[in-house]
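The values are calculated or read from the model by the stated rules, or taken from the named source; none is laboratory data. Remember, it's a predicted structure, so these values are computed and weren't measured experimentally. Because the Cβ atoms are built from the backbone with ideal geometry, glycine has one as well, and the counts that use them run over all protein chains shown. Just the protein is used for accessible areas: all its heavy atoms, side chains included, with ligands, DNA and RNA removed. Shrake-Rupley method; radii C 1.70, N 1.55, O 1.52, S 1.80 Å.
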Amino acid sequence: MSELQIPLVIGNIATEVDSAADGNCWSWSAFLRAGKFAALIKQVNFNLHPTFRNPIVKVVEADNSGCFKTPKHQGWGVFEVKIEVYWNSSAIAAPVVSEFVHMLDFGEPEASRQVQVTLKKHIPPAARAEHKPEPRAEATFPASAVAEVLTFSRQQAEHHLQQTPFLERQDPRFFHGRLSGPELNLTLPDAVWKSDKKPREGSAEWLTATEFQDKPEVLATKVGLLATLLQLSQRTVAYTGAGISVPAGIGQAAVGSAGGNKTVNADPTYTHHTMAALNAMGCLHGWVQQNHDGLPQKAGYPQEAINEIHGSWFDPSNPVVLYSGTLRSELCEQMVDFAETSDLTIVMGTSLTGLNADQVAKKPAKRSLRGQSLGTVIISPQQTEQDGKATLRIFAKADDVMKLLSARLGLQVRTTPKRYSGPLKVAVPYDERGARSCNVRTWWNLEVGQRVRISQYNNIEGAGQPSFSGITDKTVGEVLAHDEKCCSLVIAISATRVRLGLWWLEAAARGAVEWLPVVNHMLNAVWARVDRPIEELCEHQGQRVELVFSVRASIPLSFWVIVQDWGLRLL
C-alpha cells in the first residue's frame, strides 16, 4: 500500500434571511470539498444538532466541483457539525472513516478551513509484482504468560491480518483467532460442559453445544490483545445475542448449560454495565442487540445508541418481531451501515447461525483480509461457524472477560441498575405526532391515568405479533402503573399490556431520538413559535396554551407566556 495526502475543505455558507418575524435568521448549508478526490469518497455524513428532525444528513454524491453539501437549513443558532467521511474501500485501505468538526459561523458568506488526511491506497493487482513494499515491522506480538501489557501498532495488526487467511478447523489457531501466533504460546481451551446436541437447528454438521473455557493465563493474554484492539479501533460496534443475558436469569433459544425464566424483571449483568462504560469512554460507538430485554438501557447505555433490531419489550412502537415478520426499516439501514463501516466488531452471546444481522460480524472480518479493518472478536464458550474468520477468539463467559477488560482499561463500572427518579411529565422538543422538532416543544405526560397512543412511526404490522392485532396509531390506551423495580411504565392498549422503559423520558428530554414511541392522545399543552398576532392564537379558551417568543439581538433571549383563559402571565 502507498500513502496518499488529501487536502479537504470543510465549512458552511450562509445568507441572511429577510424576515421580520424571525429576525437575524440565516439560510445555511454545511459542506466538504474534496475536488478531484471526491471519487475516493463513498459517503459523507453531516451530524447536526440533535434537535433537528433529521439530525444526520447523508450525502452520497458530490456536485461537479467535487463538493458534498447539505440541503439548505434556516435558523439563527450556531453549533458544532461533526462531519464523517466514509472512504471508498475499493480504492482506500485505511482509514475506513475520517471525522472532523466544524463550528457553524454566519459572520461571513463562507466560513471554511482546510484539513489534511493521510490515506493508505490499494495497489492494483497488476502492479503488485513491480511494487516494492514499504519497510515495516514484522507482525509479531510479545508473548507473556501473565499477559503483561501487549502492545502492537495498527500497522502491525493490519499487516498480520492481511497475511493470515481465514482459518480451517484443523489449524491450531482456530481456537484463538487469526491474530494469534506461536510466540504467544496459547494452549487449547478445556471442555467444561459437553453436549452432542447442536446449539441451534440448522447449525453446521460439525458444531455441538459443548462449552469451552480458556485457561486463566491464556484468557489474560487474550484480554490484553482485546484491550489493545479497542484502543486502536476507529469505530467499534458490539453485536450481541441472548447469551449475555443468561446470567441475568433470562432464557435463550440456543442449547446451553444455563437458562432462566426472568423477563422484564431482570437486572443487567456485568457485561451490560461494562458496555455502558465503554460507550461513555468513547470506545464503543454502536450496539446491535438481538435481545429484547432492555438490559443495556437499565445499565445506563443510551437509548439512541442501541439498535434493537429484533424488537423490544420496552418500546411499544417496536414489538418483538416474529421469524415470519419484517424488521423495522431504519434499524435495518443502520445495521447495514454498522456492518459496512465497523472497524472492529465484538460478538458476544450469539451462535452466528445465519441471521441477516450476522453481517455485522462477517463483513468487518472480510475487510480485514484487505487491511481495511481490525476485523471481528468473538467471545463465547461455544464454537460458532464464523470462528475461523475471527481476529481474536475468546472461549469464556462474557462477564469473566468484561471483568478482566475493565480492570485492564481502568473503567469505572457500576454494578447496580440505573434508576430513573425524575418526573413522568417532561418538556420535550417533539411535536404532537411525536416527531423531533427544532421549533416546537410539548409536554410529554406519562403519569398514571394519562391517555396515550403508539406513535405513527412504528413496526406493529411488520412485527406480526398476534397480541397487537387491530392496534394502530389511532388506538387509545392508558398508563396503568409506574413499575419502578422493572424501570418501566405499564400501558394498556386495547386488550394488550405493553411496557415503556423509563429511560425514554431522559432520551426524549434531550431530543436524542427521532420519534417518540408513544404520544399523548390529547395534548394538554401546545407550544409554538409566535409568528402571527396574539389574538389569533388566543382561540383556545379554557385550555392552557404555551407559546414561545424569541427575541434575537446580539444575545438571544427567550421567555415564556402562558395564555390562560384569555389572559397572559409572564413566567
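Of the set (1) under 22 Å from the mean Cα position of the chain (by Cα); (2) closer than 22 Å to Phe166 by Cβ; (3) crowded, with 18+ Cβ neighbours inside 10 Å, all apply to Leu405 but (2). The helices (runs of 4 or more DSSP H) falling completely within the stretch 275-384 that include 3 or more residues that are open to solvent by 10 Å² or more (accessible area, probe 1.4 Å) map to 329-341, 359-368.
Residues checked against (1) closer than 30 Å to Gly77 by Cβ; (2) among the aliphatic types (A, V, I, L, M); (3) open to solvent by 40 Å² or more (accessible area, probe 1.4 Å):
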{"position": "Gln412", "(1), (2), (3)": "no, no, yes"}
{"position": "Val426", "(1), (2), (3)": "yes, yes, no"}
{"position": "Arg451", "(1), (2), (3)": "no, no, yes"}
{"position": "Ile454", "(1), (2), (3)": "no, yes, no"}
{"position": "Asn459", "(1), (2), (3)": "no, no, no"}
{"position": "Gly462", "(1), (2), (3)": "no, no, no"}
{"position": "Cys486", "(1), (2), (3)": "no, no, no"}
{"position": "Arg497", "(1), (2), (3)": "no, no, yes"}
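Candidates are the residues of the stretch 464-512 that are part of a loop (DSSP other than H, G, I, E, B), modelled with pLDDT under 95 and within 16 Å of Val426 (Cβ to Cβ); the one that is nearest to the chain's Cα centre (by Cα) is Ala512.
Number of residues in the stretch 429-460 that are among the aliphatic types (A, V, I, L, M), under 18 Å from Ser488 (Cβ atoms) and outside any loop (DSSP other than H, G, I, E, B): the value is 2. Per the conditions (1) farther than 11 Å from Val518 by Cβ; (2) in contact with a strand residue (DSSP E or B) (Cβ under 7 Å, 6 or more places away or on another chain); (3) open to solvent by 20 Å² or more (accessible area, probe 1.4 Å), the sole criterion not satisfied by Ser469 is (2).
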